[in-house]
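These notes concern the structure reproduced below.
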Amino acid sequence: MLWVLGDLSFVGYTAGNRWLYDYLLEDTAHYVYIYDTLTYVDNWDGTGSRCAFSTPAERANFILSDYPDLTVSDTSFAYYDGTYLVDFAKAEIHPFKGAGIRTLKFPLTVGETWQAIDTCIYALGERMPHPEGSIDTDTLTDTLWYDTSYASLVSHVGDTVVVAFLLNMNVKLTDLTLLDDTTYMCCRTYYHSYSGRVEYMVGFGMKRFRIDSAVMDISYGLINTNTWDTTFVPRTFLDSMYVGLIWENVFISILERPSANVGGVVVSSRKVMVHIPASVYSADGRLIARLQKDQSVRLRPGVYFVRTTRGVKKVVIR
């Protein structure tokens, strides 16, 4: 089956939509959320990037912030250029550190693979200052760049589209590390290959994003402290690891079709009691309460959503 994207509404990117994501790492909830708000949709001719579109691309502009602390705020955008849906562009809060990723290619063809890095934002191999500045110990800004990366359409079943990616992102550090009395290690370069998936729900937006594993190589220099000669060690395998980083959508809107038959949630007068662990959200996505088994919370009149492991239940308090 082939699908042709008419506009960004295919993945729910229409002005005013909001998404709330559980941020999890190593299967442990950190009680941190990513709140994604689409502020406006406009037409973009590529101004400010490496590209110029003869036919303006439709662009969706976002604000990403951590929630509920709201101590981090970041701007991002997604756009459709007639072939690719590019997402996460300029989002430094995201693990991709600002690179735009071609997450979908149209028409959708299961099994098709394409170059994943959007080169309108950064050219492959282009060195740029690391968004976090110095990530080693010397306070000097370190360097980040991307190599050829891949994305592939794994499945399109019903209204869910699943894409797998292999993203190659590299970091060069500037600090000197004393290994022994006569040797410094310098100029370390780490080559990261991240494997993961992104899922979209047609008409809704991103349902889930995850990085499952990473393979890391290293190259570096060894400086003799007596002669100050440098021996370079070429790129070699360093480590492979399970990452387990997940953004999981938290349903916050009536339009997001919450389940109406979620057991373990009891509404009495203006009180909600749960018989299994649950989280209670207001209609605009604010976390109201976290409840353990047999706990309750008293609520003001309004519409709320109670999220449990069994689904999401809409609750109306009158």
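The values are calculated or read from the model by the stated rules, or taken from the named source; none is laboratory data. Predicted, not measured: the structure shown is a model, and the values here were computed from it. Counting neighbours? That spans all protein chains shown, and the Cβs are built from the backbone with ideal geometry, glycine included. The protein model used for the area step is the full one, side chains on, heavy atoms only, and it has no ligands, DNA or RNA in it. Shrake-Rupley method; radii C 1.70, N 1.55, O 1.52, S 1.80 Å.
With a simple spin-label model that places each label point 7 Å from the Cα along the Cα-to-Cβ direction, the separation between Ser195 and Tyr242 comes to 1.3 nm. Relative protection proxy for 167-175, 85-93, from highest mean packing down: 85-93, 167-175 (other beta-carbon atoms within 10 angstrom).
Compute the projected area of the convex hull of the Cα atoms of the range 108-257, averaged over all viewing directions, and report it in nm² to one decimal place.
11.9
What whole-number distance in Å separates the alpha-carbon centres of the range 149-223 and the range 57-136? Comparing the Cα centres of the range 149-223 and the range 57-136, I get a distance of 14 Å.
Anisotropy class assigned to the range 268-318 is oblate, per the alpha carbon gyration tensor with a/c at or over the 1.5 cut-off and a/b no larger than b/c. How much net charge surrounds Arg298 when only other residues with a Cβ under 10 Å from its Cβ are counted (Lys, Arg +1; Asp, Glu -1)? It works out to a net charge of +3.
For the pairs Lys97/Lys314; Lys293/Lys313; Lys105/Lys172; Lys271/Lys313; Lys207/Lys271, note any where the Cα-Cα span goes beyond 26 Å. Could you put the intermediate results ahead of the total?
Working: Lys97/Lys314 36 Å; Lys293/Lys313 16 Å; Lys105/Lys172 31 Å; Lys271/Lys313 14 Å; Lys207/Lys271 30 Å.
Beyond 26 Å between Cα atoms: Lys97/Lys314; Lys105/Lys172; Lys207/Lys271.
Estimated from the Cβ-Cβ distance and a Förster radius of 22 angstrom, the FRET efficiency linking Thr141 and Asp217 is about 0.45. Counting only Cα atoms, the size of the chain along its three principal axes is 81, 51, 32 Å, in decreasing order. With the simple spin-label model, which puts each label point 7 Å out from Cα in the Cβ direction, the Ala15 to Ala123 separation comes to 3.6 nm. Per the Debye formula on identical point scatterers at the alpha carbon atoms of the range 117-181, with no solvent, log10 I(q)/I(0) at q = 0.18, 0.25 Å⁻¹ is -0.78, -1.02.
Rounded to the nearest whole Å², what accessible area per residue is found for the chain with the 1.4 Å probe? If you can, show how the numbers build up before the last one.
Details: 15370 Å² over 318 residues.
It amounts to 48 Å² per residue over the chain.
Taking 7 Å steps out from each Cα toward its Cβ at Thr83 and Tyr150 produces label points 1.8 nm apart. A cysteine counts as unpartnered when no other cysteine's C-beta lies under 4.7 Å of its own; in the chain this applies to none of them. Note on the range 65-162: Rg/Rh from C-alpha atoms, Kirkwood Rh, equals 1.04.
Quick check on the range 172-252: take the gyration tensor over C-alpha atoms, sort the square-rooted eigenvalues as a ≥ b ≥ c, and tell me if it's rounded (a/c under 1.5), prolate or oblate. Taking the square roots of the gyration eigenvalues as a ≥ b ≥ c, the range 172-252 is prolate.
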